[in-house]
Each structure stands twice: as C-alpha cells, then as structure tokens.
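Throughout, read-outs are computed from the coordinates displayed, never taken from laboratory work. From a predicted model like this one, the values you see are computed outputs, not experimental measurements. When we count neighbours, we look across all protein chains shown, and the Cβ atoms used for this are built from the backbone with ideal geometry, even at glycine.
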Amino acid sequence: MQDEHGLNLAKREIPTAREIQQQQECPTCGDGDMRCKVRSVDKPVQTATLSLGDDGMEITVDEGNKQPVIPEPPEYDPADVAFRRDAPVVELDPVPLHDAREADGYWYLASPYSKYPGGTAEAFEEVCRAAGWLILRGVVVYAPISHTHPIAVESEIDLADHSIWLPADKPLMDGACGLIVCEMETWRDSYGVQEEIKVFMEACKPVYGMRWPR
C-alpha cells in the first residue's frame, strides 16, 4: 500500500511518547544502544505507520494529518567523549627535537613540584637541568618552576598554592606554542602538571613528554 507521497506503508502499533522515553531499548528499531525520542504532542499517538523513504531513512507518519514525525537524535552526553577533563593523562608522545627546534615561539616546560620525593628545592634543580638540556639542543623553553621557585622563596610566597600560580602562569601558557612535560618522578600525580596538560589540550596545542632524568 502506498500513501499520497508514494511511500510504501506498513501499519504498526507503536507506544506513546512517554512509553518510548521509559524504555531502555528502542521500540522502533530494537537497537539497545539508541533511545529514540519523538516530539512532544498534546495527546499520545495511538497508531502510526512506518515508512521507508528513497534515502533509506525510517520515519513515522501520523495517520491523522500525514505529517512525518522524525525521531530526534540522542542527547549529547559529555561523559561519552574520548577526552574527559577530569581524567588524568598518564602517557605522552616523546618530544620530537627537530620539530621542537623549528617551532615558532617557545615551549612551556611543565614539571612536578610539591609532590616531588626529593623536595621542592630538588624539583627546582632538576627542571633547571632539563631546561638547560633542551636549550643546548636549540629548543626554546619557558620553565615556570625555574622562574617562580626563587621568587616564592625570596618573597615567602607559597609556591604550592595553585590559586596564585596557575593564574600567573596562564598568560604564558596562552603564549606558548606547545607543552613539554618533564617526566620527573610523580609527574602523573601532580595537580599542576595535569591542569597544564588540560589547558594545552583544550587549546589544541601540541603536548609532548620528555623522559627525565635521561
């Protein structure tokens, strides 16, 4: 049987809009991974017809007025995206030194600090050595711990207070061409490092790791 639009029709009873929303499995296609939703109506749709158009898309036609009612796509769920902002990054690609040398601008060199097993002074010394290693190989870097540790010591500012230092570092993160994480011990557990990684990833800038000590 065909309707006035030339579509092949097959009569089928379907549940109301409320019943559709309450069911885990799609009542139309039987796909458990998708929940079909119909547009809100003043009264429940008691009967409808299912049609297959020329483009292969399944639609429903209200028998009362012959107007197509196309199921809406599933709602976007941020929890389903590949990258979740609250998920720690545990593996990074190694920094390609040739590309890093050719980059236009400077690299932001992130490193652990307050949780470093050797203490904050040793964390400062290690990242200074790492920054020097990169500079000697032609890579322009800005290391925030190398910059802020002596300032904090001499000014008696708590360098572990992220509410002070992350905003202070944000313009320098924005200006950097990319991020290199100095993979010192505890870098995965560092709140500051993880926040810096997220900032660069959300800005679609390259993020690399550098094993240290080498």
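Observations on the structure shown:
- Whole-Hz couplings from phi, Karplus 6.51/-1.76/1.60, listed for the stretch 188-198; x for Gly and Pro: 5, 8, 7, 4, x, 4, 5, 5, 5, 4, 4
- Unit charges at the beta carbon, dipole of the stretch 97-211: most positive-side option, SER114, VAL127, SER155: VAL127
- The convex hull around the C-alpha trace of the stretch 151-214, projected and averaged over every direction, spans 5.0 square nanometres.
- Residue order for VAL127, VAL153, fewest other beta carbons within 10 angstrom first, comes to VAL153, VAL127.
- Relative counts (whole %) of C-alpha pair distances in the stretch 97-211, using bins that are 10 Å wide: 14, 50, 32, 4
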